[in-house]
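What follows is one structure encoded as C-alpha coordinates, with my remarks underneath.
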Amino acid sequence: MEKSFPKNFLWGGATAANQFEGGWNSGGKGPSIIDVLTEGTKSTSRKVIRNIEDSYYYPNHRASDFYHKYEEDISLMKEMGFKLYRMSIAWTRIFPTGVETEPNEEGLLFYDRIFDLLKKNGIEPMVTLSHYESPFYLTEKYNGWENRDLIDYFVKYASVVINRYKGKVKYWLTFNEINAAVYPFGAYFALGMLDKKVVNLSDQKKYDSPQKRYQALHHQLVANAKVVQLAHEVDSENKVGCMVAITANYPYTPNPEDILECQKSWEDCNYYCGDVQVRGAYPSFAKRIWKEKNIKLAILEEDEDILKKGTVDFFSFSYYMSNCISTDPTLDAASGNLVGGAKNPYLKANDWGWQIDPAGLRYVLKELYGRYQIPLIIVENGLGAIDQLNPDLSIHDDYRIDYLKDHIISMYEAIQDGVDLMGYTPWGCIDLVSASTGEMRKRYGFIYVDVDDNGKGTFNRYKKDSFYWYKEVIGSNGSSVLK
Ligand code: P53
(Lines give C-alpha, C1' and ligand atoms only; values in the text may rest on other atoms or scores of the structure.)
Protein backbone atom coordinates (compact mmCIF):
# COMPACT_ATOMS: atom_id res chain seq x y z
CA MET A 1 0.00 0.00 0.00
CA GLU A 2 1.10 3.54 -0.67
CA LYS A 3 2.61 5.25 2.37
CA SER A 4 0.78 8.28 3.69
CA PHE A 5 0.03 10.25 6.84
CA PRO A 6 -2.87 9.45 9.17
CA LYS A 7 -6.30 10.49 7.91
CA ASN A 8 -7.20 13.98 9.26
CA PHE A 9 -3.54 14.94 9.68
CA LEU A 10 -3.48 18.72 10.09
CA TRP A 11 -1.23 20.12 7.35
CA GLY A 12 -0.84 23.87 7.36
CA GLY A 13 1.42 26.78 8.14
CA ALA A 14 2.22 29.23 10.94
CA THR A 15 2.67 32.97 11.47
CA ALA A 16 2.47 35.42 14.37
CA ALA A 17 0.72 38.78 14.39
CA ASN A 18 3.77 40.77 15.45
CA GLN A 19 5.89 39.55 12.54
CA PHE A 20 3.20 39.31 9.88
CA GLU A 21 0.25 41.65 10.37
CA GLY A 22 1.66 45.13 10.31
CA GLY A 23 -1.00 47.79 10.90
CA TRP A 24 0.85 48.39 14.15
CA ASN A 25 -1.14 51.52 15.05
CA SER A 26 -4.27 50.94 12.95
CA GLY A 27 -7.73 50.21 14.29
CA GLY A 28 -6.91 51.41 17.79
CA LYS A 29 -3.99 49.04 18.27
CA GLY A 30 -1.41 49.98 20.89
CA PRO A 31 2.38 49.49 20.62
CA SER A 32 3.65 46.05 21.56
CA ILE A 33 7.16 45.17 22.66
CA ILE A 34 8.14 44.37 19.07
CA ASP A 35 6.97 47.76 17.77
CA VAL A 36 9.79 49.61 19.52
CA LEU A 37 12.49 47.45 17.91
CA THR A 38 14.64 48.48 14.95
CA GLU A 39 16.00 46.07 12.36
CA GLY A 40 19.26 44.19 12.96
CA THR A 41 21.33 41.54 11.22
CA LYS A 42 23.00 38.29 12.18
CA SER A 43 25.87 40.31 13.67
CA THR A 44 24.23 43.60 14.71
CA SER A 45 21.67 43.66 17.46
CA ARG A 46 18.15 45.05 17.19
CA LYS A 47 17.78 48.25 19.21
CA VAL A 48 15.04 49.31 21.60
CA ILE A 49 13.82 52.85 20.84
CA ARG A 50 11.39 53.46 23.69
CA ASN A 51 9.71 56.55 22.24
CA ILE A 52 9.67 55.25 18.64
CA GLU A 53 11.66 58.13 17.11
CA ASP A 54 11.09 58.73 13.40
CA SER A 55 14.75 58.54 12.48
CA TYR A 56 14.78 54.74 12.90
CA TYR A 57 13.21 51.96 10.86
CA TYR A 58 10.85 49.51 12.56
CA PRO A 59 10.34 46.44 10.37
CA ASN A 60 7.37 45.11 12.33
CA HIS A 61 5.26 48.23 11.84
CA ARG A 62 4.14 47.14 8.41
CA ALA A 63 5.64 43.63 8.54
CA SER A 64 4.12 41.64 5.64
CA ASP A 65 0.98 43.77 5.65
CA PHE A 66 -1.39 40.87 6.31
CA TYR A 67 -3.60 43.51 7.95
CA HIS A 68 -4.53 44.72 4.48
CA LYS A 69 -3.84 41.60 2.44
CA TYR A 70 -5.51 38.87 4.47
CA GLU A 71 -8.05 38.02 1.78
CA GLU A 72 -5.36 37.27 -0.77
CA ASP A 73 -3.24 35.44 1.80
CA ILE A 74 -6.03 33.20 3.00
CA SER A 75 -6.96 32.28 -0.55
CA LEU A 76 -3.33 31.33 -1.19
CA MET A 77 -3.41 29.13 1.91
CA LYS A 78 -6.58 27.55 0.62
CA GLU A 79 -4.96 26.96 -2.75
CA MET A 80 -2.15 25.03 -1.04
CA GLY A 81 -4.79 22.96 0.73
CA PHE A 82 -4.16 24.11 4.32
CA LYS A 83 -6.26 22.33 6.91
CA LEU A 84 -4.85 24.35 9.80
CA TYR A 85 -3.51 27.88 10.09
CA ARG A 86 -1.55 28.71 13.23
CA MET A 87 -1.69 32.45 13.88
CA SER A 88 -1.70 34.73 16.88
CA ILE A 89 -3.94 37.47 18.14
CA ALA A 90 -2.10 40.72 18.86
CA TRP A 91 -2.94 41.41 22.50
CA THR A 92 -2.52 45.15 21.78
CA ARG A 93 -5.32 45.08 19.18
CA ILE A 94 -7.70 43.97 21.91
CA PHE A 95 -6.23 45.83 24.90
CA PRO A 96 -3.89 48.56 23.55
CA THR A 97 -2.04 49.03 26.84
CA GLY A 98 -3.18 45.85 28.55
CA VAL A 99 -4.86 47.66 31.47
CA GLU A 100 -8.10 48.93 29.88
CA THR A 101 -11.28 47.55 31.37
CA GLU A 102 -13.11 47.28 28.05
CA PRO A 103 -11.72 45.62 24.91
CA ASN A 104 -11.22 47.48 21.63
CA GLU A 105 -14.15 46.42 19.44
CA GLU A 106 -12.37 47.29 16.20
CA GLY A 107 -9.59 44.85 17.05
CA LEU A 108 -12.09 42.13 17.88
CA LEU A 109 -13.87 42.71 14.58
CA PHE A 110 -10.62 42.28 12.66
CA TYR A 111 -10.22 38.73 13.97
CA ASP A 112 -13.91 38.00 13.44
CA ARG A 113 -13.28 38.68 9.76
CA ILE A 114 -10.21 36.46 9.72
CA PHE A 115 -11.90 33.52 11.46
CA ASP A 116 -15.01 33.80 9.28
CA LEU A 117 -12.92 33.80 6.15
CA LEU A 118 -10.89 30.82 7.32
CA LYS A 119 -14.07 28.93 8.02
CA LYS A 120 -15.41 29.75 4.57
CA ASN A 121 -12.22 28.29 3.15
CA GLY A 122 -12.32 25.16 5.29
CA ILE A 123 -9.24 26.11 7.31
CA GLU A 124 -9.18 25.54 11.06
CA PRO A 125 -7.41 28.24 13.07
CA MET A 126 -4.98 27.48 15.90
CA VAL A 127 -4.50 30.65 17.88
CA THR A 128 -1.54 31.65 20.04
CA LEU A 129 -2.63 34.11 22.71
CA SER A 130 0.80 35.57 23.32
CA HIS A 131 3.53 35.42 20.70
CA TYR A 132 6.27 37.94 21.62
CA GLU A 133 3.79 40.82 21.42
CA SER A 134 2.74 41.89 24.90
CA PRO A 135 1.76 45.55 25.34
CA PHE A 136 4.81 47.79 25.68
CA TYR A 137 2.92 49.74 28.33
CA LEU A 138 3.11 46.70 30.61
CA THR A 139 6.89 46.66 30.16
CA GLU A 140 7.25 50.30 31.12
CA LYS A 141 4.78 50.24 33.97
CA TYR A 142 5.40 46.81 35.49
CA ASN A 143 8.58 45.46 33.90
CA GLY A 144 6.34 42.90 32.24
CA TRP A 145 5.78 39.51 33.79
CA GLU A 146 8.09 40.24 36.70
CA ASN A 147 4.94 41.68 38.26
CA ARG A 148 2.29 39.21 39.38
CA ASP A 149 -0.49 41.58 38.24
CA LEU A 150 0.25 40.49 34.69
CA ILE A 151 -1.56 37.24 35.43
CA ASP A 152 -4.84 39.11 35.83
CA TYR A 153 -4.29 41.34 32.81
CA PHE A 154 -3.52 38.33 30.66
CA VAL A 155 -6.42 36.25 31.94
CA LYS A 156 -8.77 39.17 31.29
CA TYR A 157 -7.55 39.41 27.68
CA ALA A 158 -7.70 35.63 27.20
CA SER A 159 -11.20 35.49 28.65
CA VAL A 160 -12.44 38.17 26.25
CA VAL A 161 -11.14 36.45 23.13
CA ILE A 162 -11.94 32.88 24.15
CA ASN A 163 -15.54 33.89 24.85
CA ARG A 164 -15.83 36.07 21.77
CA TYR A 165 -14.56 33.42 19.36
CA LYS A 166 -16.38 30.48 20.92
CA GLY A 167 -17.42 28.19 18.09
CA LYS A 168 -14.94 29.85 15.70
CA VAL A 169 -11.70 28.79 17.34
CA LYS A 170 -11.20 25.52 19.18
CA TYR A 171 -7.39 25.13 19.20
CA TRP A 172 -5.57 27.53 21.52
CA LEU A 173 -1.93 27.92 22.51
CA THR A 174 -1.14 30.07 25.52
CA PHE A 175 2.47 31.36 25.36
CA ASN A 176 4.71 30.96 22.35
CA GLU A 177 7.98 29.21 23.22
CA ILE A 178 7.35 29.71 26.92
CA ASN A 179 10.73 28.19 27.75
CA ALA A 180 12.49 31.10 26.00
CA ALA A 181 12.28 32.52 29.52
CA VAL A 182 15.00 30.20 30.78
CA TYR A 183 17.51 32.06 28.60
CA PRO A 184 18.57 35.72 29.08
CA PHE A 185 17.40 36.29 25.51
CA GLY A 186 13.82 35.52 26.49
CA ALA A 187 13.60 38.25 29.13
CA TYR A 188 12.21 40.79 26.68
CA PHE A 189 10.53 38.72 23.95
CA ALA A 190 8.84 36.19 26.17
CA LEU A 191 8.49 38.07 29.47
CA GLY A 192 8.36 41.73 28.44
CA MET A 193 11.14 42.53 30.95
CA LEU A 194 13.56 45.27 30.04
CA ASP A 195 16.33 46.76 32.13
CA LYS A 196 16.40 50.57 31.85
CA LYS A 197 19.99 50.43 30.62
CA VAL A 198 19.36 48.12 27.65
CA VAL A 199 19.47 49.72 24.20
CA ASN A 200 20.96 46.92 22.12
CA LEU A 201 18.87 43.86 22.80
CA SER A 202 22.06 41.80 22.89
CA ASP A 203 22.95 43.68 26.10
CA GLN A 204 20.19 41.89 27.99
CA LYS A 205 22.80 39.37 29.06
CA LYS A 206 24.79 42.03 30.90
CA TYR A 207 21.87 43.03 33.08
CA ASP A 208 20.30 39.61 33.38
CA SER A 209 18.64 38.48 36.59
CA PRO A 210 17.75 34.77 36.67
CA GLN A 211 15.82 35.44 39.88
CA LYS A 212 13.50 37.87 38.09
CA ARG A 213 13.23 35.74 34.96
CA TYR A 214 12.23 32.56 36.74
CA GLN A 215 9.78 34.45 38.93
CA ALA A 216 8.24 36.01 35.81
CA LEU A 217 8.10 32.59 34.19
CA HIS A 218 6.30 31.25 37.26
CA HIS A 219 3.66 33.94 36.76
CA GLN A 220 3.24 32.81 33.15
CA LEU A 221 2.92 29.18 34.17
CA VAL A 222 0.18 30.14 36.61
CA ALA A 223 -1.51 32.27 33.93
CA ASN A 224 -1.23 29.37 31.49
CA ALA A 225 -2.99 27.02 33.90
CA LYS A 226 -5.75 29.53 34.62
CA VAL A 227 -6.38 30.03 30.91
CA VAL A 228 -6.46 26.29 30.22
CA GLN A 229 -9.14 25.91 32.86
CA LEU A 230 -11.05 28.91 31.58
CA ALA A 231 -11.01 27.65 27.99
CA HIS A 232 -12.40 24.31 29.10
CA GLU A 233 -15.15 26.03 31.07
CA VAL A 234 -16.15 28.29 28.19
CA ASP A 235 -16.44 25.41 25.73
CA SER A 236 -15.76 21.74 26.32
CA GLU A 237 -14.75 21.55 22.65
CA ASN A 238 -11.75 23.80 23.31
CA LYS A 239 -8.34 22.15 23.18
CA VAL A 240 -5.41 24.02 24.68
CA GLY A 241 -1.75 23.30 24.15
CA CYS A 242 1.53 24.47 25.55
CA MET A 243 4.18 25.71 23.11
CA VAL A 244 7.79 24.90 23.83
CA ALA A 245 10.93 25.55 21.77
CA ILE A 246 12.65 22.18 21.48
CA THR A 247 16.25 21.72 20.47
CA ALA A 248 17.62 18.21 19.96
CA ASN A 249 20.64 18.20 22.25
CA TYR A 250 23.25 15.48 21.79
CA PRO A 251 26.26 14.68 23.94
CA TYR A 252 29.34 15.77 22.01
CA THR A 253 31.36 12.71 23.08
CA PRO A 254 30.71 9.46 24.96
CA ASN A 255 32.49 11.01 27.95
CA PRO A 256 30.02 10.39 30.80
CA GLU A 257 30.46 14.02 31.85
CA ASP A 258 29.10 15.10 28.47
CA ILE A 259 26.23 12.64 28.74
CA LEU A 260 25.21 14.03 32.13
CA GLU A 261 25.57 17.63 30.96
CA CYS A 262 23.41 16.86 27.95
CA GLN A 263 20.73 15.18 30.04
CA LYS A 264 20.72 18.25 32.27
CA SER A 265 20.25 20.51 29.25
CA TRP A 266 17.12 18.56 28.31
CA GLU A 267 15.77 19.11 31.82
CA ASP A 268 16.73 22.78 32.12
CA CYS A 269 15.73 23.85 28.63
CA ASN A 270 13.34 21.40 27.02
CA TYR A 271 11.40 19.97 29.98
CA TYR A 272 11.23 22.58 32.75
CA CYS A 273 8.07 24.29 31.43
CA GLY A 274 6.38 21.41 29.62
CA ASP A 275 6.55 19.26 32.74
CA VAL A 276 4.55 21.88 34.63
CA GLN A 277 2.08 22.42 31.81
CA VAL A 278 1.46 18.75 31.08
CA ARG A 279 1.79 17.24 34.57
CA GLY A 280 0.56 20.13 36.69
CA ALA A 281 3.53 20.50 39.03
CA TYR A 282 7.20 21.46 38.93
CA PRO A 283 9.46 18.51 38.12
CA SER A 284 11.71 17.11 40.82
CA PHE A 285 14.86 18.52 39.20
CA ALA A 286 13.54 22.10 39.47
CA LYS A 287 14.86 22.48 43.01
CA ARG A 288 18.40 21.89 41.85
CA ILE A 289 18.05 24.51 39.10
CA TRP A 290 16.76 27.08 41.58
CA LYS A 291 19.55 26.30 43.99
CA GLU A 292 22.26 26.52 41.35
CA LYS A 293 20.99 29.85 40.10
CA ASN A 294 20.34 31.17 43.58
CA ILE A 295 16.65 31.62 42.89
CA LYS A 296 14.00 31.93 45.57
CA LEU A 297 10.61 31.60 43.92
CA ALA A 298 7.60 33.22 45.49
CA ILE A 299 4.95 30.55 44.98
CA LEU A 300 1.58 31.28 46.59
CA GLU A 301 -0.29 28.50 48.27
CA GLU A 302 -3.08 28.67 45.70
CA ASP A 303 -0.60 28.28 42.83
CA GLU A 304 -0.09 24.58 43.35
CA ASP A 305 -3.77 23.92 43.00
CA ILE A 306 -4.04 26.17 39.95
CA LEU A 307 -1.16 24.40 38.23
CA LYS A 308 -2.68 21.03 39.00
CA LYS A 309 -6.08 21.94 37.58
CA GLY A 310 -4.89 23.59 34.38
CA THR A 311 -3.01 20.92 32.45
CA VAL A 312 -2.88 21.10 28.67
CA ASP A 313 -4.61 18.82 26.16
CA PHE A 314 -1.78 18.54 23.68
CA PHE A 315 1.88 19.46 23.38
CA SER A 316 2.97 21.83 20.63
CA PHE A 317 6.52 22.82 19.90
CA SER A 318 8.92 24.47 17.50
CA TYR A 319 11.84 22.53 16.09
CA TYR A 320 14.55 24.05 13.94
CA MET A 321 17.87 22.46 14.83
CA SER A 322 20.01 20.28 17.03
CA ASN A 323 23.06 21.16 19.11
CA CYS A 324 25.88 19.30 20.77
CA ILE A 325 26.47 19.62 24.48
CA SER A 326 29.99 19.42 25.76
CA THR A 327 31.86 20.08 28.97
CA ASP A 328 34.85 21.25 26.92
CA PRO A 329 34.71 25.07 26.68
CA THR A 330 37.29 25.30 23.88
CA LEU A 331 35.02 23.80 21.18
CA ASP A 332 33.64 25.80 18.26
CA ALA A 333 30.14 27.10 18.94
CA ALA A 334 27.15 26.78 16.63
CA SER A 335 24.42 29.40 16.78
CA GLY A 336 20.74 28.95 17.30
CA ASN A 337 17.56 30.77 18.08
CA LEU A 338 17.80 30.26 21.80
CA VAL A 339 21.02 28.70 22.75
CA GLY A 340 24.18 27.79 20.92
CA GLY A 341 26.03 24.56 21.46
CA ALA A 342 29.09 22.85 20.05
CA LYS A 343 29.23 22.36 16.27
CA ASN A 344 28.22 18.93 15.03
CA PRO A 345 30.71 17.70 12.41
CA TYR A 346 28.00 15.60 10.72
CA LEU A 347 25.61 18.45 10.02
CA LYS A 348 25.36 21.49 7.77
CA ALA A 349 23.95 24.81 8.95
CA ASN A 350 21.91 27.55 7.29
CA ASP A 351 23.34 31.04 6.66
CA TRP A 352 22.51 32.02 10.22
CA GLY A 353 24.38 29.04 11.71
CA TRP A 354 21.30 26.97 12.66
CA GLN A 355 22.27 23.31 12.22
CA ILE A 356 19.96 21.38 9.92
CA ASP A 357 18.95 18.02 11.38
CA PRO A 358 15.83 16.19 10.20
CA ALA A 359 16.72 13.01 12.14
CA GLY A 360 16.73 15.17 15.27
CA LEU A 361 13.04 15.81 14.72
CA ARG A 362 12.26 12.08 14.88
CA TYR A 363 14.39 11.87 17.98
CA VAL A 364 12.56 14.67 19.82
CA LEU A 365 9.14 13.39 18.74
CA LYS A 366 9.92 10.04 20.33
CA GLU A 367 11.39 11.60 23.47
CA LEU A 368 8.43 13.94 23.95
CA TYR A 369 5.77 11.34 23.29
CA GLY A 370 7.50 8.84 25.54
CA ARG A 371 7.55 11.40 28.33
CA TYR A 372 4.11 12.98 28.01
CA GLN A 373 1.85 10.48 26.21
CA ILE A 374 -0.45 13.20 24.86
CA PRO A 375 -0.89 14.24 21.20
CA LEU A 376 1.97 16.27 19.74
CA ILE A 377 1.96 18.89 17.03
CA ILE A 378 4.88 20.65 15.34
CA VAL A 379 3.80 24.27 15.08
CA GLU A 380 7.09 25.71 13.81
CA ASN A 381 9.83 24.26 11.62
CA GLY A 382 11.54 25.51 8.52
CA LEU A 383 14.58 26.90 6.82
CA GLY A 384 15.43 30.59 7.03
CA ALA A 385 17.14 31.36 3.72
CA ILE A 386 17.84 34.14 1.24
CA ASP A 387 15.61 33.76 -1.82
CA GLN A 388 16.14 35.15 -5.29
CA LEU A 389 13.13 36.69 -7.05
CA ASN A 390 13.77 36.17 -10.77
CA PRO A 391 12.70 38.58 -13.53
CA ASP A 392 9.92 36.14 -14.51
CA LEU A 393 8.73 36.30 -10.85
CA SER A 394 9.73 32.71 -10.12
CA ILE A 395 11.65 31.70 -6.97
CA HIS A 396 13.58 28.46 -7.12
CA ASP A 397 13.88 27.38 -3.49
CA ASP A 398 14.95 23.75 -3.87
CA TYR A 399 17.01 24.09 -0.62
CA ARG A 400 13.77 24.76 1.28
CA ILE A 401 12.00 21.83 -0.38
CA ASP A 402 14.89 19.55 0.61
CA TYR A 403 14.76 20.75 4.21
CA LEU A 404 11.01 20.30 4.56
CA LYS A 405 10.92 16.99 2.70
CA ASP A 406 13.52 15.44 4.99
CA HIS A 407 11.67 16.67 8.09
CA ILE A 408 8.37 15.30 6.81
CA ILE A 409 9.94 11.88 6.18
CA SER A 410 11.27 11.99 9.72
CA MET A 411 7.78 12.79 11.04
CA TYR A 412 6.39 9.83 9.14
CA GLU A 413 8.98 7.51 10.66
CA ALA A 414 8.19 8.83 14.14
CA ILE A 415 4.52 8.03 13.55
CA GLN A 416 5.54 4.48 12.57
CA ASP A 417 7.47 4.43 15.87
CA GLY A 418 4.13 4.97 17.61
CA VAL A 419 4.08 8.73 18.12
CA ASP A 420 0.67 10.41 18.10
CA LEU A 421 1.32 13.42 15.86
CA MET A 422 -1.65 15.65 15.05
CA GLY A 423 -0.20 17.95 12.45
CA TYR A 424 2.47 20.16 11.03
CA THR A 425 2.49 23.92 10.50
CA PRO A 426 5.84 25.09 9.06
CA TRP A 427 6.94 28.53 10.22
CA GLY A 428 6.46 31.71 8.20
CA CYS A 429 4.41 30.00 5.48
CA ILE A 430 4.15 33.44 3.90
CA ASP A 431 7.40 35.43 4.32
CA LEU A 432 7.56 37.55 7.46
CA VAL A 433 9.98 39.53 9.62
CA SER A 434 12.60 37.50 11.49
CA ALA A 435 12.19 37.64 15.26
CA SER A 436 15.84 37.44 16.20
CA THR A 437 17.29 39.79 13.59
CA GLY A 438 14.36 41.86 12.30
CA GLU A 439 15.45 41.03 8.76
CA MET A 440 13.11 40.30 5.89
CA ARG A 441 15.79 38.48 3.92
CA LYS A 442 15.68 35.55 6.32
CA ARG A 443 12.71 33.97 4.60
CA TYR A 444 10.78 30.82 5.46
CA GLY A 445 7.73 31.01 3.22
CA PHE A 446 6.12 29.09 0.39
CA ILE A 447 5.04 32.55 -0.70
CA TYR A 448 7.46 35.38 -1.33
CA VAL A 449 6.58 38.83 -0.03
CA ASP A 450 8.21 41.55 -2.09
CA VAL A 451 9.71 43.80 0.57
CA ASP A 452 13.34 44.19 1.63
CA ASP A 453 15.14 44.83 4.91
CA ASN A 454 14.46 48.56 4.66
CA GLY A 455 10.77 48.25 3.92
CA LYS A 456 11.17 48.93 0.19
CA GLY A 457 9.05 46.88 -2.18
CA THR A 458 5.56 46.32 -3.57
CA PHE A 459 4.46 43.85 -0.86
CA ASN A 460 3.16 41.70 -3.72
CA ARG A 461 2.93 37.97 -3.13
CA TYR A 462 4.69 35.49 -5.44
CA LYS A 463 4.55 31.70 -5.31
CA LYS A 464 7.86 29.96 -4.79
CA ASP A 465 8.61 26.48 -6.19
CA SER A 466 7.96 25.19 -2.68
CA PHE A 467 4.36 26.43 -2.95
CA TYR A 468 3.56 23.95 -5.71
CA TRP A 469 5.57 21.26 -3.97
CA TYR A 470 3.75 21.69 -0.63
CA LYS A 471 0.40 21.73 -2.38
CA GLU A 472 1.19 18.28 -3.75
CA VAL A 473 2.36 17.06 -0.34
CA ILE A 474 -0.93 18.10 1.25
CA GLY A 475 -3.01 16.89 -1.70
CA SER A 476 -1.46 13.43 -1.47
CA ASN A 477 -1.48 13.43 2.37
CA GLY A 478 2.27 13.14 2.36
CA SER A 479 2.53 10.30 -0.19
CA SER A 480 4.35 12.45 -2.72
CA VAL A 481 7.43 12.62 -0.48
CA LEU A 482 7.22 9.12 0.98
CA LYS A 483 7.76 7.18 -2.21
P1 P53 B 1 13.82 33.83 13.32
C2 P53 B 1 14.38 33.52 19.38
C3 P53 B 1 14.87 34.10 18.29
C4 P53 B 1 14.37 33.73 17.09
C5 P53 B 1 13.38 32.81 16.99
O6 P53 B 1 13.25 32.62 14.16
C7 P53 B 1 12.86 32.24 18.07
C8 P53 B 1 13.39 32.60 19.29
C9 P53 B 1 12.93 32.00 20.51
O10 P53 B 1 12.80 32.86 21.51
O11 P53 B 1 11.88 31.32 18.01
C12 P53 B 1 10.88 31.17 17.00
O13 P53 B 1 12.65 34.66 12.96
C14 P53 B 1 9.73 32.11 17.18
C15 P53 B 1 9.32 32.83 15.94
C16 P53 B 1 10.53 33.06 15.06
C17 P53 B 1 11.09 31.72 14.65
O18 P53 B 1 11.49 30.99 15.78
O19 P53 B 1 14.76 34.56 14.21
O20 P53 B 1 8.61 31.49 17.76
O21 P53 B 1 8.65 34.00 16.32
O22 P53 B 1 10.27 33.87 13.98
C23 P53 B 1 12.24 31.80 13.69
O24 P53 B 1 14.49 33.23 12.16
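Given a Förster distance of 22 Å, report the FRET efficiency between residue 255 and residue 366 from their Cβ-Cβ distance, rounded to the nearest 0.05.
Numbers: r = 24 Å, r/R0 = 1.09.
For residue 255 and residue 366, the calculated efficiency is 0.35.
Share of antiparallel DSSP beta bridges in the stretch 243-352, in percent to the nearest 5? Display every interim value, and only then the final one.
Numbers: 3 of 11 bridges.
Expressed as a percentage, antiparallel bridges in the stretch 243-352 total about 25.
Report the extension gain between residue 4 and residue 235 in nm, rounded to one decimal, defined as 0.36 nm multiplied by the number of residues separating them, less their alpha carbon distance.
On the way: separation 231, 0.36 × 231 = 83.16 nm, distance 3.28 nm.
Roughly 79.9 nm would be gained on extension.
Contour minus end-to-end for residue 441 and residue 105, with contour as 0.36 nm per residue of separation and end-to-end as the Cα-Cα distance?
Length gained, residue 441 through residue 105: 117.5 nm.
Scan the chain and hand back the longest stretch that contains none of the GluC sites (Glu not before Pro) lying in DSSP loops with at most 12 other Cβ atoms within 10 Å.
Here the longest run is 238-483.
Which percent, nearest 5, of DSSP beta bridges in the chain are antiparallel?
Just about 25 percent of them are antiparallel.
Could you calculate the contour length gain from residue 386 to residue 57, that is, 0.36 nm times the residue separation minus the distance between their Cα atoms, to one decimal place in nm?
Here the answer is 116.4 nm.
So what is the relative contact order for the chain, in percent, with contacts set as C-alpha pairs under 8 Å and at least six apart?
Values: 1003 pairs, mean separation 86.9, N = 483.
About 18 percent, as a whole number.
For n ≥ 4 DSSP H runs only, could you compute -39500 (n - 2.57) per run for the chain, divide by its residues and tell me the 222 nm figure to the nearest 500?
It comes out at -11000 deg cm²/dmol, rounded to the nearest 500.
Could you pull out every one of the lysines with an alpha carbon less than 16 Å from that of residue 168, ignoring same-chain neighbours closer than 8 positions?
Straight-line reach from residue 168, under 16 Å: 83, 119, 120, 239.
How large, in percent, is the carbon and sulfur part of the accessible surface of the stretch 347-412 at a probe radius of 1.4 Å?
Exposed carbon and sulfur together represent 53 percent of the surface.
Using alpha carbons only, how many angstrom separate the centre of the stretch 386-465 from the centre of the stretch 13-28?
So the separation of the two Cα centres works out to 18 Å.
Hey, with R₀ at 51 Å, roughly what FRET efficiency would residue 72 and residue 148 work out to, going by the Cβ-Cβ distance, to 0.05?
Here the calculated transfer efficiency is 0.75.
I want to verify the translational diffusion coefficient of the stretch 350-389 in µm²/s; compute it with Stokes-Einstein, Rh as the Kirkwood radius over Cα pairs, at 10 °C and 1.306 mPa s.
129
How many percent of the accessible area of the stretch 122-257 is carbon or sulfur, using a 1.4 Å probe?
Looking at the stretch 122-257 in its full context, I get 49 percent from C and S.
Taking 8 Å as the Cα distance limit and 6 or more residues as the minimum spacing, I'd like the relative contact order of the stretch 214-323 as a percentage.
Details: 133 pairs, mean separation 51.2, N = 110.
Value for the stretch 214-323: 47 percent.
Evaluate the distance, in nm, between pseudo-label points positioned 7 Å from the Cα of residue 373 and of residue 297 along their respective Cα→Cβ axes.
According to this spin-label approximation, the distance is 2.4 nm.
Would you mind computing, in nm to one decimal, how far apart the modelled labels at residue 168 and residue 396 are, each placed 7 Å from Cα along Cα→Cβ?
Distance between the two pseudo-spin positions: 4.4 nm.
For 131, 68, 61, give me the order by solvent-accessible area with a 1.4 Å probe, most accessible first, ignoring ligands, DNA and RNA.
Ranking 131, 68, 61 by accessible area, largest first, yields 68, 61, 131.
For the stretch 92-199, what does the accessible surface come to per residue with a 1.4 Å probe? Please give it in Å².
Heavy-atom SASA per residue in the stretch 92-199 reads 34 Å².
Once you put a point 7 Å from the Cα of residue 456 and another 7 Å from the Cα of residue 308, both along the Cβ direction, what distance in nm separates them?
If labels sit at residue 456 and residue 308, their model points lie 6.2 nm apart.
What translational diffusion coefficient, to the nearest whole µm²/s, does the chain have by Stokes-Einstein, given a Kirkwood radius computed over alpha-carbon pairs, a temperature of 20 °C and 1.002 mPa s viscosity?
On the way: Rh = 22.5 Å.
The Stokes-Einstein estimate is 95 µm²/s.
Can you grab the distance from the C-alpha centre of the stretch 99-178 to the C-alpha centre of the stretch 230-304, Å, no decimals?
Cα centroid to Cα centroid, the span is 24 Å.
What is the antiparallel percent of DSSP beta bridges lying wholly in the stretch 376-483, to the nearest 5?
Numbers: 4 of 8 bridges.
Of all bridge pairs located within the stretch 376-483, approximately 50 percent are antiparallel.
The values are calculated or read from the model by the stated rules, or taken from the named source; none is laboratory data. All values reported here derive from a predicted model rather than from experimental measurement. Methodologically, a virtual Cβ is constructed for each residue, glycine included, from the backbone with ideal geometry; neighbour enumeration extends over all protein chains shown. All accessible areas refer to the heavy atoms of the entire protein, side chains included, with ligands and DNA or RNA removed. Shrake-Rupley method; radii C 1.70, N 1.55, O 1.52, S 1.80 Å.
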